[in-house]
2 protein chains.
Amino acid sequence: MGSMPVGRLHKGNINPNVIAAKYAVRGELAVKAEEYRVKLEQAEEGLPFDKVIFANIGNPQQLDQKPITFFRQVLSLLEYPPLLEKEEALKSVFGYNQDVIDRAKHLLKDILSVGAYSQSPGSPIVRRSVAAFIERRDGFPADPSHIYLSAGASSGVNTLLSVLCAGHDSGVLVPIPQYPLYTATLAVLNARCVPYYLHEEKNWGTDVEAIRASVAKAKEEGTDVRAIVIINPGNPTGSCLTSESIKHVIDFAVEENLVIIADEVYQTNVFKGEFTSFKKRLRELQKESPMTYNHVELASLHSVSKGMVGECGHRGGYFELVGFHADVEEQIYKFISVMLCPPVIGQCLVELMVNPPKKGDPSYELYQQEYKAIAAGLHQRALALYEAFKRMEGVECQEPHGSMYLFPSITLPPKAVAAAEAAGRHPDEFYALRLLDATGVCIVPGSGFGQKPGTYHFRTTFLAPGTDWVNRIVNFHEKFMKEFK
Amino acid sequence: MGSMPVGRLHKGNINPNVIAAKYAVRGELAVKAEEYRVKLEQAEEGLPFDKVIFANIGNPQQLDQKPITFFRQVLSLLEYPPLLEKEEALKSVFGYNQDVIDRAKHLLKDILSVGAYSQSPGSPIVRRSVAAFIERRDGFPADPSHIYLSAGASSGVNTLLSVLCAGHDSGVLVPIPQYPLYTATLAVLNARCVPYYLHEEKNWGTDVEAIRASVAKAKEEGTDVRAIVIINPGNPTGSCLTSESIKHVIDFAVEENLVIIADEVYQTNVFKGEFTSFKKRLRELQKESPMTYNHVELASLHSVSKGMVGECGHRGGYFELVGFHADVEEQIYKFISVMLCPPVIGQCLVELMVNPPKKGDPSYELYQQEYKAIAAGLHQRALALYEAFKRMEGVECQEPHGSMYLFPSITLPPKAVAAAEAAGRHPDEFYALRLLDATGVCIVPGSGFGQKPGTYHFRTTFLAPGTDWVNRIVNFHEKFMKEFK
């Protein structure tokens with residue numbers, strides 16, 4: 001573009017905060033992988049693989065995962081309600097159950113049309129269902145008026161950070177490694193990311209002492225630390241916090257007067273241990289010791305994108321606020337109202353996710369069967385990948401507990417590090433690019449999520465079907481290690 | 001909330017830019033109207049009306065407008081593709097045409113599942129269709145790689161302003177009256193709104209001399225004016241610019257080196273005159289005089305929310321960039337990639353909107369019939385409302401040309417202005433509140449959009465069916481004028 005005249009806008013005068021933001025999950029590697037995919041589609045020759053494997057992004061339905069029948073049957077009726085005029089044919093010809101039909105009617109009564117704007121925080125019927133779900137999950141009441149539907153959890157995070165950061169002194173504690181949405185959004189807001197390292201050797205758990213040290217350092221630098229982000233189950237780490245760990249984080253938030261942002265989008269992706277919500281743990285502590293815990297401000301997020309739902313293209317999600325000042329909620333309401341409302345069909349999918357068929361409902365058995373098969377498949381693939389990583393030289397991987405990712409560390413030979421430096425690349429980025437070029441497998445280098453200096457990692461989803469691609473990684477790795485020995 | 005202890009976050013320490021933002025379309029009046037609606041639903045007594053009329057927001061399907069059959073049939077198949085396994089039954093029992101089935105298959109081949117993330121700028125198949133549409137509309141080629149799908153046009157505006165504003169010196173020219181998305185977003189970005197008044201007496205046209213004066217003033221104040229926003233057809237004004245007016249704006253942008261942001265979401269809502277896109281006019285000028293016009297940077301926006309589509313709940317839209325530097329487009333790509341992708345079903349609806357059934361296709365006739373009926377209904381109601389306003393004392397309204405709104409001026413008696421001041425209200429807000437309390441009709445006061453000092457207006461949609469609610473306004477107005485005589 002060297003010969004192009006500089007226009008009104010160029011890299012030198014647009015928003016520097018946008019330029020400063022980094023987002024590797026859909027960065028250079030992903031773009032290159034897509035170019036390879038198009039080349040293969042157009043039957044171009046010369047690539048050493050016949051298929052691109054997108055292991056860079058948690059996009060279940062791009063790969064193997066089928067949508068859950070009950071959800072999609074209801075959505076089809078919401079999109080074209082005249083189908084409801086022929087219930088018998090729906091049932092006999094297309095196998096729709098009565099509960100599918102009833103649910104669609106129930107939702108339509110409230111939302112009128114999925115083509116109409118809802119209220120900005122979401123349709124009342126959906127917010128009520130979310131509250132009922134949280135109540136069942138946690139054993140403590142939830143109030144629909146503090147539940148805000150969002151376009152995926154990402155847009156909820158954007159709302160929360162936009163309102164709670166007040167300029168370049170504001171800081172938010174973010175786990176490292178982290179999902180880069182957080183650092184990117186803080187960069188755009190010109191606020192400070194206060195990183196705290198997760199404890200890799202303890203299965204990527206939170207380490208309150210490490211958090212305390214980060215806060216002390218940030219305060220020295222004049223940062224007004226306002227909030228702590230916890231991703232549980234972890235992305236990219238796959239960890240799952242115990243009830244005890246959660247208490248430690250809440251205690252620390254009380255000590256430092258921090259808002260807690262609990263990103264719980266992987267709450268159903270748990271193989272080992274058990275998911276405990278921050279809300280539940282907080283309510284338990286408030287019951288035991290109201291004076292200490294009653295003023296905690298907690299925002300917790302969930303979405304339809306992950307879990308056995310896997311409907312990320314529908315952009316559905318919500319966040320719940322606990323203990324927020326009414327004035328602050330009023331500003332949150334105004335902020336989201338500028339964007340009018342989250343996609344209404346996505347809102348309906350949130351309703352279906354939190355209120356699936358119950359035992360005795362006609363769609364219950366198929367729902368259970370589909371749900372369990374997806375869960376089992378994810379677990380199997382996680383284990384297969386984990387086993388493969390255990391066999392790879394210089395690769396160490398924590399046992400998978402949850403989410404959709406593994407985040408192994410790789411000990412790269414000094415020659416590989418030198419070659420990466422010569423190419424102007426992070427060593428793990430160099431590794432990931434070589435892997436993509438050689439095998440068509442697209443992963444995300446650890447540097448995209450943050451890692452302790454001198455350590456290298458990569459994140460891979462375990463969504464892609466089959467084991468062939470895992471073998472491609474294993475074989476590539478062997479050759480790579482030999483090449484740079 | 002006076003007795004509540006101040007928490008970590010309160011109005012005094014959260015993002016001051018969010019607090020500064022104003023967004024009246026969904027503000028106090030809308031909230032109050034919704035409260036009245038719920039009261040009526042619960043059969044509470046004591047309200048002097050039996051129905052709330054939401055004339056405050058362009059939400060066609062909340063009111064009378066039916067979705068277009070072809071669009072929704074295709075969407076139902078995208079949501080539940082197993083329906084496609086029984087084509088014969090779809091046709092014979094549910095009346096789906098072959099082109100509906102073919103389109104669904106065509107889209108699914110590319111997107112795989114509406115539950116999967118697409119590429120961040122949108123699915124390639126949709127971007128190609130949008131480019132083909134622009135090409136047909138304007139008679140000039142369009143390039144899919146410069147088309148970005150968005151979650152409604154609002155999110156596109158947010159992207160564009162976020163990237164092009166670089167801090168508190170950056171200014172963007174915004175028409176007054178305007179749709180408050182622009183001022184709210186600029187406030188959140190801590191950038192400056194440079195207002196320019198539209199010419200009410202000339203049917204709310206753009207007045208380049210007024211724009212020039214605004215720019216001169218802004219420059220004196222140290223503002224780096226970067227872009228000009230044009231809403232055509234106008235919101236809230238209903239105006240429709242001539243090809244000549246558009247040239248004047250483009251010439252001014254060239255003179256002042258401004259990026260043009262053309263908000264063209266009402267491009268099909270035109271009763272009088274003819275819509276000309278900024279892109280078309282720019283290409284014509286570039287053909288005539290390339291040296292002068294070749295470097296113009298233009299972003300134009302469109303959406304599925306308005307027009308005869310009216311599918312705002314689906315949050316579909318796009319923007320096209322012309323003449324933007326590749327470096328800047330790269331930053332735009334990164335910015336949107338943090339939010340992953342726009343809702344995929346909304347993207348598909350964009351595809352259907354820009355590529356509707358053609359003459360000879362089985363769904364063509366019904367599509368045409370539905371489309372024309374909606375257009376005619378909107379025109380009739382606009383005229384009925386316009387006629388009613390002509391009969392009202394002190395009310396003046398420009399002839400409706402397009403969009404979904406009328407924006408009459410009201411000359412309020414000095415006693416009413418005094419009463420409003422005593423109540424701590426803008427006079428037009430006072431009027432709108434009284435109207436809502438007395439009749440259940442919810443409009444937006446002109447102060448929510450901006451207006452010349454000392455003038456008062458209100459915006460009303462003409463979407464609500466029937467004429468009863470228009471009479472309610474007429475009767476209220478008569479009583480109001482008498483009361484404050």
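The values are calculated or read from the model by the stated rules, or taken from the named source; none is laboratory data. These numbers were taken from a predicted model, which means no experiment stands behind them. For neighbour counting, all protein chains shown are included, and Cβ atoms are generated from backbone atoms with ideal geometry for every residue, glycine included. Remember, those area values only see protein heavy atoms, side chains included, never the ligands or the DNA or RNA. Shrake-Rupley method; radii C 1.70, N 1.55, O 1.52, S 1.80 Å.
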Search the structure for amide H atoms under 5 Å from the amide H of B:Tyr197, placed 1.01 Å from N in the peptide plane, and list their residues when 5 or more places away or on another chain.
B:Ile176
Taking the dipole about the Cα centre of chain A, with the C-beta of Lys and Arg at +1 and of Asp and Glu at -1, give me whichever of A:Phe275, A:Ile261, A:Asn97 is farthest to the positive side.
A:Asn97
Among A:Tyr148, A:Pro445, A:Tyr196, which residue has its Cα furthest toward the positive end of the charge dipole of chain A, with +1 on Lys/Arg Cβ and -1 on Asp/Glu Cβ?
A:Pro445
B plus A alone minus the pair: what accessible area, both sides summed, probe 1.4 Å, in Å² to 100?
8100
Check each of the GluC sites (Glu not before Pro) in the range B:12-109 and keep only those in coil by DSSP with at most 14 other C-beta atoms within 10 angstrom; list them in order.
B:Glu44, B:Glu45
Shortest-first nm distances, B:Lys358 label point to equivalent points in other copies (7 Å, Cα→Cβ):
5.3
Between the alpha-carbon centers of the range B:363-410 and the range A:185-214, tell me the distance in whole angstrom.
56
Calculate, axis by axis, the spread of Cα positions in the protein assembly as shown along the three principal axes, and write the results as whole Å, longest axis first.
88, 70, 68
Peptide B:67-79 - average C-beta neighbours from other chains (10 Å radius):
5
Which log10 I(q)/I(0) values, to two decimals, does the range A:373-485 give at q = 0.14, 0.19 Å⁻¹ under the Debye formula with one point per Cα?
-0.54, -0.98
Carbon and sulfur %, accessible surface of chain B computed with the full protein complex present, 1.4 Å:
52
Total charge dipole magnitude, the protein assembly as shown, about the Cα centre, Cβ charges on Lys, Arg, Asp, Glu only, Debye to nearest 20
240
Work out the length of the dipole vector of the range B:159-308 about its Cα centre, built from +1 on the beta-carbon of each Lys and Arg and -1 on the beta-carbon of each Asp and Glu, and round it to the nearest 20 debye.
380
Taking the Cα centre of chain B as origin and charging only Cβ (+1 Lys, Arg; -1 Asp, Glu), how large is the dipole, in debye to the nearest 20?
440
What are the ³J(HN,Hα) values, in whole Hz, obtained from phi via the Karplus relation 6.51 cos²θ - 1.76 cosθ + 1.60 with θ = phi - 60°, for each residue of the range B:74-85 in sequence order, with x given for Gly and Pro?
4, 4, 4, 6, 5, 6, 9, x, x, 4, 5, 6
Taking a ≥ b ≥ c as the square roots of the eigenvalues of the Cα gyration tensor, with a/c under 1.5 meaning rounded and otherwise prolate when a/b exceeds b/c and oblate if not, the range B:279-339 is oblate
At 0.890 mPa s and 25 °C, Stokes diffusion of the range B:249-408 via Kirkwood alpha-carbon radius, µm² per second:
132
³J(HN,Hα) across the range B:345-360 via Karplus (A = 6.51, B = -1.76, C = 1.60, θ = phi - 60°), whole Hz, x for Gly/Pro?
5, x, 4, 5, 5, 4, 4, 5, 4, 7, 9, x, x, 9, 3, x
For the range A:331-342, 3J(HN,Hα) per residue [Karplus equation, 6.51 cos²θ - 1.76 cosθ + 1.60, θ = phi - 60°, Hz, x = Gly/Pro]:
5, 5, 4, 5, 4, 6, 5, 5, 8, 6, 6, x
Using a 10 Å cut-off on Cβ to Cβ distances, tally the other chain neighbours for every residue of A:51-61 and report the average as a whole number.
2
Quick one: label points 7 angstrom along Cα→Cβ at A:Val31, distances to the other copies in nm, smallest first?
4.3
Over chain B, average the accessible area per residue using a 1.4 Å probe and give it in Å², no decimals.
37
Tell me, what is the percent relative contact order of the range A:213-288, built from C-alpha pairs under 8 Å that lie six or more residues apart?
35
For B:Val441, the residues 5 or more places away or on another chain with a placed amide H closer than 5 Å to its own amide H are B:Ile53
Average beta carbon contacts from partner chains per residue of A:375-381, 10 Å cutoff
0
Looking at A:Tyr431, B:Pro175, B:Phe462, which one has the Cα that reaches farthest to the positive end of the dipole of the protein assembly as shown (charges on Cβ: Lys, Arg +1; Asp, Glu -1)?
B:Phe462
Which number do you get for Rg(Cα) / (2.2 N^0.38 Å) in the range A:74-190?
1.47
Determine the residues within the range B:307-330 where the difference in accessible area between the chain on its own and the full set of protein chains amounts to at least 20 Å²; count protein heavy atoms only and use a 1.4 Å probe.
B:Cys312, B:Gly313, B:His314, B:Arg315, B:His325, B:Ala326, B:Asp327, B:Val328
So what are the radius of gyration and Dmax for the Cα set of the range A:191-239, in Å?
11.6, 33
Kirkwood Rh in Å, taken over all unlike Cα pairs in chain B
24.0
Could you pull out every residue, at least 5 positions away or on a different chain, whose amide H is within less than 5 Å of the one on B:Arg192? Hs are placed 1.01 Å off N in the peptide plane, and Pro or chain starts have none.
B:Ser170, B:Gly171, B:Val172
In whole Å, what are the Cα extents of the range A:352-426 along the three principal axes, biggest one first?
63, 26, 14
Which of the three applies to the range B:171-258, rounded, prolate or oblate, going by the alpha-carbon gyration tensor with a ≥ b ≥ c and a/c under 1.5 meaning rounded?
oblate
Probe 1.4 Å, all chains present, heavy atoms only: B:Glu393 accessible area in Å², nearest 10, is 110
Rounded, prolate or oblate, given the Cα gyration tensor of the range B:128-211, with a/c below 1.5 counting as rounded?
oblate
The answer for the net charge of residues other than B:Ala423 whose Cβ lies under 12 angstrom from its Cβ, with Lys and Arg +1 and Asp and Glu -1, is 0
Hey, for B:Pro465 with labels 7 Å out along Cα-Cβ, what do the inter-copy distances come to in nm, ordered shortest first?
4.7
Based on the Cβ-Cβ distance from A:Ala210 to A:Val31, what FRET efficiency comes out when R0 is 45 Å, to the nearest 0.05?
0.85
